[in-house]
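Comments concern the structure below.
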Amino acid sequence: MKRTYMTILLSVSLGIALLNPLNAGAITREEMRTLDAAYPPGSFVNCEGELAGNGKNLLPMTTKIRGHIISRAENLSHADVRMMFIPHGSSTATITLSYRQKVIMEESGQRVYIDPDSLKVSMP
């Protein structure tokens, strides 16, 4: 069962990486610190994005990500995350991922680790 989850997560991650627009601007390390400071433990972070699809086997979708910041100290933070994939024209998610993540601020940027034991996948 865990292998199925990991396969789904890999497919979804690749889809996000390949289908997201490439025109996203980078931010500085100081801007990342300022953004992190704006979300103390107990707060929620909501992000929404669009996946264009390819007109063939990948449908255009809206992604909604909600993170609950559990802890934050120095260069380390933990969050419980829920990520939903909603096809255009639908009001319900076709797949929802829930997981605990650890984010480490490094010199070159942020590194995100997903706890594989926390991963839950639900599909209607």
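The values are calculated or read from the model by the stated rules, or taken from the named source; none is laboratory data. Since the model is a prediction, treat every value here as computed from it, not as a measurement. Using ideal geometry, Cβ is built from the backbone for each residue, glycine included, and neighbour counts are taken over all protein chains shown.
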Report summary line: Checking Leu97, Leu58 in turn, the sole residue that is farther than 22 Å from Ile27 by Cα and touching a Phe, Trp or Tyr at 6+ places or on another chain (Cβ under 9 Å) turns out to be Leu97
Query raised in the report: If you go through the stretch 38-52 one residue at a time, do you hit one that is farther than 25 Å from Ser108 by Cα, modelled with pLDDT under 90 and not hydroxyl-bearing (Ser, Thr, Tyr)?
Result: yes
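Take the residues in the stretch 24-77 that are part of a helix (DSSP H, G or I) and among the charged types (D, E, K, R); name whichever of them is surrounded by the fewest Cβ atoms within 10 Å (Cβ to Cβ).
Top of the filtered list is Glu30.
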Report summary line: Considering residues that are touching a Pro at 6+ places or on another chain (Cβ under 8 Å) and among the hydroxyl-bearing types (Ser, Thr, Tyr), the number found within the stretch 85-98 is 2
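Any residue at all in the stretch 100-118 that's more than 25 Å from Arg33 (Cβ to Cβ), touching a residue at least 12 places away in the same chain (Cβ under 8 Å) and surrounded by 13 or more Cβ atoms within 10 Å (Cβ to Cβ)? Show your work before the answer.
Initially, the stretch 100-118 is screened for residues more than 25 Å from Arg33 (Cβ to Cβ), giving 116-118.
Keeping just the survivors that are touching a residue at least 12 places away in the same chain (Cβ under 8 Å) gives 116, 118.
From what's left, surrounded by 13 or more Cβ atoms within 10 Å (Cβ to Cβ): none.
There is no residue in the stretch 100-118 that is more than 25 Å from Arg33 (Cβ to Cβ), touching a residue at least 12 places away in the same chain (Cβ under 8 Å) and surrounded by 13 or more Cβ atoms within 10 Å (Cβ to Cβ).
Scan the stretch 88-99 residue by residue and report those that are surrounded by 13 or more Cβ atoms within 10 Å (Cβ to Cβ) and small (Gly, Ala, Ser). I'd like the intermediate steps shown before the answer.
Within the stretch 88-99, the first condition is being surrounded by 13 or more Cβ atoms within 10 Å (Cβ to Cβ), and the residues that meet it are 93-99.
Once the filter is applied, which keeps residues that are surrounded by 13 or more Cβ atoms within 10 Å (Cβ to Cβ) and small (Gly, Ala, Ser), the stretch 88-99 yields Ala93, Ser98.
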Report task. Identify the single condition in (1) of a type outside the set (Val, Ile, Thr); (2) modelled with pLDDT under 90; (3) surrounded by 17 or more Cβ atoms within 10 Å (Cβ to Cβ) that Ser13 does not satisfy, given that it satisfies every other one. Result -> (3)
